[in-house]
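In what follows, a structure is listed as structure tokens, so that the remarks can point back to it.
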Amino acid sequence: MTDKGLILGLSAVAAGLMLGLGALGAGIGDGLVSSRTVEGTARQPEARGSLLTLMFIGVGLIEALPIIALGIALLLLFANPLQPK
Amino acid sequence: MRLLASSGQIDVNHPTVGTWPLQINVDTIYNTLIVCGILVVIALLLRRNLREGRPGRFQGAVEGIIEFLQSLIKDTLGTKPIAIAPIAISLFMFILIANFLGLLPIFKSPTNDINTTIGLAIFSIGLLHFYSVKFRGPVGYVKHYFSIVQPKWKGPWGWTRIVFALLEVIQEVSRPVTLSFRLYFNIFVGELMVALIISLFPAVIAPVPGVIWVLFSIFVGGVQAFIFTMLTIAYIAMGTETSHDDEHHEESGSGHHGGVPVATSDVARAA
């Protein structure tokens, strides 16, 4: 196996792992945030507005991480810095 | 950096002028000036049609944004005499328009360049340290790092405090990095995905995922602009806390819990 093929294959595996694990973590985090928001709204419907704002802040903070993973995965797939010229 | 895609290449390089110590990304400067121009035009239009009492739809929208941010600042900072509102609202409007500019066909977001976001982050963290020194005094500013925790076992020469002070310094350094990378990657990947969707999907079905992704990008652009502003405000609120404030806070704390102010700074602590 050539170096180029090895690097390409491992990069593809790394990109897949990165996206999968990033999505897994972000999914758990998003689920926790939304479930607590629903609980809070059910318990105290008048707090819905401020809870929703807080939920969007939390979701935005969480969503940034898989998007960073997506950026690095795209970098590995399409513009690999490890690939010999 | 060139991205290979199925049909041709997607160029994500910024066209530059000059060499390393003074290298200028031309498109970033150009698009930043466009954003500033849009903001000035909005302000001029707003002033011309300004009506007291019964605002039009446009004036109502801008007033809504400003009132929302002002109430957020008031809740987060309390009664501290910091004139942060003009800076925070300017930051929010600039980042919002900058994020939305990239969704138009021929323009690119200034925020898809890491230099812009690092500049904004250094500005807001510099502001935090400026106000921190101003409120705590130079001695109190340094002392704060050594009074984060009071561990039960202090150890010889209080070395546990030094370890926690080091951790606090690492946290302070990581703040501008996370602030700038969060904004940069969200916008950069958003624009990259549009280009990838156009080049990877056949032209007949490309509009469907394209439109879905652009709608998601509108949401992300708004949320990221708000998060950047909110974190700047919350960091400054945390950085200007003095020991006197803490006592006061605990006295009147019970009425405050569950509302936006306490919770937003909690979210900011977790970030």
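Every number here is computed from the coordinates shown, using simple stated rules; none is lab data. It should be emphasised that the depicted structure is a prediction, and the values quoted were computed from it without experimental measurement. We place every Cβ from the backbone using ideal geometry, glycine too, and count neighbours over all the protein chains shown.
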* Using a simple charge model, +1 on the beta-carbon of Lys and Arg, -1 on the beta-carbon of Asp and Glu, nothing else, what dipole does chain A show about its Cα centre, in debye to the nearest 20? -> 120 debye
* Structure fact -> Taking A:Ile28, B:Ile125 and counting other beta carbon atoms within 10 angstrom, the fewest-first order is A:Ile28, B:Ile125
* To do: Please say if chain A is rounded, prolate or oblate, where rounded means a/c under 1.5 for a ≥ b ≥ c the square roots of the C-alpha gyration tensor eigenvalues, and otherwise the choice is prolate for a/b larger than b/c and oblate otherwise?
  => prolate
* Asked: Taking the Cα centre of chain A as the origin and placing charges on Cβ (Lys, Arg +1; Asp, Glu -1), which of A:Leu32, A:Gly60, A:Leu17 is farthest toward the positive end of the dipole?
  -> A:Leu17
* Structure fact -> Note to self, chain A gives a 222 nm [θ] from helices alone (DSSP H runs n ≥ 4, -39500 (n - 2.57) apiece, / all residues, nearest 500) of -31000 deg cm²/dmol
* **Per-residue Cβ neighbour rank within 10 angstrom, fewest leading, B:Trp20, B:Trp213** => B:Trp20, B:Trp213
* **Computed magnitude of the charge dipole of the range B:1-120 (debye, nearest 20; Cβ of K, R +1, Cβ of D, E -1)** => 340 debye
* Sorting B:Arg175, B:Arg57 on the 10 Å Cβ count, fewest up front, what's the list? -> B:Arg57, B:Arg175
* Structure fact -> Calc'd 3J(HN,Hα), the range B:49-62, phi into Karplus 6.51 cos²θ - 1.76 cosθ + 1.60 (θ = phi - 60°), Hz, glycine/Pro = x, comes to 9, 5, 10, 8, x, 10, x, x, 5, 5, 4, x, 5, 5
* **For B:Ser109, distant residues with modelled amide H under 5 Å away** => B:Gly102
* Asked: Taking square-rooted eigenvalues a ≥ b ≥ c of the alpha carbon gyration tensor, is the range B:3-151 rounded, prolate or oblate, where a/c under 1.5 means rounded and, failing that, a/b exceeding b/c means prolate?
  -> oblate
* Selected from B:Gln224, B:Trp213, B:Tyr235, residue furthest toward positive end of dipole (the range B:166-250; charges at beta carbon) -> B:Trp213
